[in-house]
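This report refers to the structure that appears directly beneath it.
Since every read-out is calculated from the coordinates, none of them should be taken as a lab result. Worth saying up front: this structure is predicted, and the values here are computed from it rather than measured. Glycine also receives a Cβ, built like all others from the backbone with ideal geometry; neighbour counts cover every protein chain displayed.
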Amino acid sequence: MAFDKEHYKEEFERLLKERRQKKYFIRKSNATFKIKRFIAKGTDSLELANNIKNSKQKAKGYWTIIISYYSMLYLAKAAILTKGYETDDHYATQIALGHLLVPNEIEKEDLELLEKSHKIFEDDYIEFFDDARKESSLSRYSATKVYTERRVREVFDNAREFISKVRIMLEG
């Protein structure tokens, strides 16, 4: 599915206004102290997922996918905070990530001209996040889902790549 920047913008604006039980899905925030905490939680979670993936546990695919997704979620929340926002749920995090971090074509060209292309957050990373979010949900709530080693490795590798990219952005 092609990335639709306009859809992410519209959803971002809608979720920024929407409230549920005294919570906003997306809200402005200056709590930058949380950035380092989210980076640490995400990095530690990916390391834990790697340890589980390489273990002899029976349910290792299940846990590897869930923990890999959460490692991505923590880094996404850190990146969103650098833009002055926080999110309260998984879908809102994906929307904020797509809206705030995927550049439009003009910005992409400007970044490349300035030799900062390593900071471009491409729409592939939003797909990685969305895929891991869906697999994590299936893992948590479906008693019958069995994972192949290939699928577990794919989700884990996508999480590792996502985290590496976001860390470069945050620390670069």
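Brief remarks follow.
- Converting phi to 3J(HN,Hα) with the Karplus coefficients 6.51, -1.76 and 1.60 and the offset θ = phi - 60°, segment 86-99 yields 10, 10, 10, 8, 5, 5, 4, 5, 4, 5, 4, 4, x, 6 Hz in sequence order, with x at every glycine or proline.
- Nearest-ten-degree value, helix 34-53 long axis tilted from longest Cα axis of the chain: 30
- Compactness ratio for segment 1-46: Cα radius of gyration over 2.2 N^0.38 Å (N = residue count) comes to 1.54.
- Sequence-distant residues sharing a close amide H with Q57 (under 5 Å, placed H): none
- For segment 23-56, the list of chymotrypsin sites (Phe, Trp or Tyr not before Pro) that fall in a loop by DSSP and count at most 14 other C-beta atoms within 10 angstrom reads F33.
- 3J(HN,Hα) along segment 149-165: 4, 4, 5, 4, 4, 4, 5, 4, 4, 5, 5, 4, 5, 4, 5, 4, 5 Hz, from the Karplus curve 6.51 cos²θ - 1.76 cosθ + 1.60 with θ = phi - 60°, whole Hz, x for Gly and Pro.
- Phi angles of segment 70-81 translate, via the Karplus equation with coefficients 6.51, -1.76, 1.60 and θ = phi - 60°, into HN-Hα couplings of 5, 5, 5, 4, 4, 5, 4, 4, 5, 5, 5, 4 Hz per residue; Gly and Pro are given as x.
- Think of it as helices only: each DSSP H run of n ≥ 4 in the chain is worth -39500 (n - 2.57), and spread over all residues that comes to -23000 deg cm²/dmol at 222 nm.
- Near S29, the amide H atoms lying under 5 Å from its own belong to Y85, E86; only residues 5 or more places off or on other chains count, and H is placed 1.01 Å from N.
- Calculated P(r) of the chain - Cα pairs past 30 Å, %: 18
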